[in-house]
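Peer 1: Pasting a structure here, questions to come.
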Amino acid sequence: MSSTSREVILGVGAGIAAYKSADLLRRLQERGYSVTVIPTPASLNFVGSATWEALSGRPAPTQVWENVHEVAHISLAQKAGYFIIAPATADLIARIAIGRADDLLTNLILASDVPKMLVPAMHPKMWNDPATQANIQTLRNRGFIVMDPDHGRLTGNDSGQGRFPETARIVENFDAMTGHKQDLRGKNVLITAGGTREAIDPVRFIGNKSSGKQGIALARAAQLRGANVHLIAANMDTSYLSGISITSVESARDMQAALNLEFTSTDILIMCAAVADARPVQKLTEKIKKAFFTSIELEANPDLLAELSVTKTNQVMVGFAAETSNHIESARSKLTGKGLDIIYVNDVSGGAIFGKDVTHGTILLRNGEEIALKEVSKDALSDVLLDHAIRQLG
Ligand code: CTP
């Protein structure tokens, strides 16, 4: 079973290997997953909440008694696409096997039916104990993926089977569970996101409502499929993204300069950003006093896509359009006018879609094909657009 959600719950049990899960967390983030860490209360003896919160950029609750009004054991469970429990101790495995719900992690496990993977780590005698082996069998029978621990030296002088596996092997198993295609491995995907700002004076600008959410969803989707992703981000927070190279820009002309640097080595360009069509003729260094702030003289900005398509070699170019009327006709003329392979048009009448997690619109292809999408998540749209872009790449 595979999910389109990028949300992962990383459950941390009370084993000394808990510190190794900090590296696992980073590797998952680099692959485009958003990770919430749910430690068991006892595991905080090994690694404290501050570490998990700093690394994940999110709260790391342990009990259902924290933020009760949010009903976290249900809301987090509904959002999660996958669970990975690492390290899974003998006690935690036993509690999951008998369906206990005595901390937040075990509540979440019961309240969610998405794919779950356990990474056991414990002393070989505990691993080989018939009780542990029976619990593992129970969980495997219920569909949990349970990795076998590595053989080797343990924390004390003993050795045997029980070591926490290398992060690379855990990630490999996790990829196998999620079933995400790796069909962009080695490809360079360039994405623009957010909305450009054109300065009027030091405090004012011409901007737009683009939140950057769709661009981030695209960047994550491409990353999950193995691409080298470069994001040109206009006026948006990118501090929580990892494993993606980022150029932050402000104006359309900044974005053009960043695009020119990256475009030749790009396989797929997705222009998701809302680019200001015009800028003030004069950018004043002093704030304009209100008595004089009555009109702004504008001049056109370059059409970034149209200019790139003139220099294009093998790049697949994907554009976005936000329209309030005549969506399909306007988008089709942008598809041909800007030399694009694909365009996604969404209906933004009444301000719909901006800042939301879902979208609805139509994908238009050069061959005349139209694919209408109703109320899809921005994650799901990203995967469909990438499918089409990959098909065009050949
Ligand atoms: N775009 C661009 N350069 C611009 C304006 C837009 O490259 N100066 C890109 C956008 O990133 C988007 C596509 O062109 O992928 C369509 O953007 P949109 O704003 O809908 O089109 P415009 O050409 O600006 O047309 P209009 O505003 O008249 O609808």
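The values are calculated or read from the model by the stated rules, or taken from the named source; none is laboratory data. Just so it is clear, the model here is predicted, and its values are computed rather than measured. Cβ atoms come from the backbone with ideal geometry, glycine included; neighbour counts cover every protein chain shown.
Peer 1: Only one residue in T313, T362, T285 is under 23 Å from the mean Cα position of the chain (by Cα) and in contact (Cβ under 8 Å) with a residue 12 or more places away in the chain, so which one is that?
Peer 2: T362
Peer 1: Applying the selection to segment 101-143, what residues are surrounded by 15 or more Cβ atoms within 10 Å (Cβ to Cβ) and of a type in the set (D, E, K, R)?
Peer 2: Listed by number, the residues that qualify are D103, K116.
Peer 1: Working carefully through the options S295, S333, S349, find the one that is exposed (fewer than 15 other Cβ atoms within 10 Å of the Cβ), under 23 Å from A217 (Cα atoms) and more than 9 Å from the ligand (Cβ to nearest atom).
Peer 2: Only one candidate passes the filter, namely S349.
Peer 1: Tell me which of these E369 doesn't satisfy, since it passes every other one: (1) farther than 19 Å from S210 by Cα; (2) within 15 Å of the ligand (Cβ to nearest atom).
Peer 2: (2)
Peer 1: Give me the residue from segment 298-316 that is exposed (fewer than 12 other Cβ atoms within 10 Å of the Cβ) and either outside the structural domain of D254 (by TED's automatic domain parsing) or more than 24 Å from S382 (Cβ to Cβ) (or both) and, out of that set, farthest from the ligand (Cβ to nearest atom).
Peer 2: Only one residue tops the list, namely T313.
Peer 1: Let me ask you something else. Hey, can you tell me all the residues within segment 45-80 that are polar (S, T, N, Q) and assigned to a loop (DSSP other than H, G, I, E, B)?
Peer 2: Answer for segment 45-80, where residues must be polar (S, T, N, Q) and assigned to a loop (DSSP other than H, G, I, E, B): T62, Q63, N67.
This table checks each residue for (1) among the acidic types (D, E); (2) assigned by TED's automatic domain parsing to the domain that holds G339; (3) closer than 15 Å to V318 by Cα.
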{"position": "A199", "(1), (2), (3)": "no, yes, no"}
{"position": "I206", "(1), (2), (3)": "no, yes, no"}
{"position": "K213", "(1), (2), (3)": "no, yes, no"}
{"position": "A219", "(1), (2), (3)": "no, yes, yes"}
{"position": "A227", "(1), (2), (3)": "no, yes, no"}
{"position": "E250", "(1), (2), (3)": "yes, yes, no"}
{"position": "D254", "(1), (2), (3)": "yes, yes, no"}
{"position": "I268", "(1), (2), (3)": "no, yes, yes"}
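Peer 1: Here is a list: G215, G243, G207. Which entry is crowded, with 18+ Cβ neighbours inside 10 Å and small (G, A, S)?
Peer 2: Result: G215 is the single residue among G215, G243, G207 that is crowded, with 18+ Cβ neighbours inside 10 Å and small (G, A, S).
Peer 1: When segment 181-198 is examined, which residues are found to be touching a Ser or Thr at 6+ places or on another chain (Cβ under 7 Å) and not acidic (D, E)?
Peer 2: N188, L190, G194, G195, T196, R197
Peer 1: Another one. Going residue by residue through segment 166-180, is there one that turns out to be within 21 Å of V12 (Cβ to Cβ), among the charged types (D, E, K, R) and crowded, with 18+ Cβ neighbours inside 10 Å?
Peer 2: Within segment 166-180, none of the residues are within 21 Å of V12 (Cβ to Cβ), among the charged types (D, E, K, R) and crowded, with 18+ Cβ neighbours inside 10 Å.
Peer 1: Check D379, D387 and return the single one that is assigned to a helix (DSSP H, G or I) and either closer than 15 Å to C272 by Cα or modelled with pLDDT under 90 (or both).
Peer 2: Being assigned to a helix (DSSP H, G or I) and either closer than 15 Å to C272 by Cα or modelled with pLDDT under 90 (or both) holds for just one of D379, D387, which is D379.
Peer 1: Looking at segment 225-237, which of its residues are touching a helix residue (DSSP H, G or I) at 6+ places or on another chain (Cβ under 8 Å) and not hydrophobic (A, V, I, L, M, F, W, C)?
Peer 2: R225, H230
Peer 1: What number of residues within segment 272-292 are within 18 Å of G337 (Cβ to Cβ) and away from the ligand (no atom under 16 Å from the Cβ)?
Peer 2: 0
Peer 1: Going by the conditions given, is V47 within 24 Å of G156 (Cβ to Cβ) and out of contact with any Gly (no Cβ under 8 Å at 6 or more places or on another chain)?
Peer 2: Spelling it out, V47 is indeed within 24 Å of G156 (Cβ to Cβ) and out of contact with any Gly (no Cβ under 8 Å at 6 or more places or on another chain).
Peer 1: Tally up the residues in segment 60-80 that are at pLDDT 95 or above and either closer than 22 Å to N135 by Cβ or of a type outside the set (A, V, I, L, M, F, W, C) (or both), please.
Peer 2: 2
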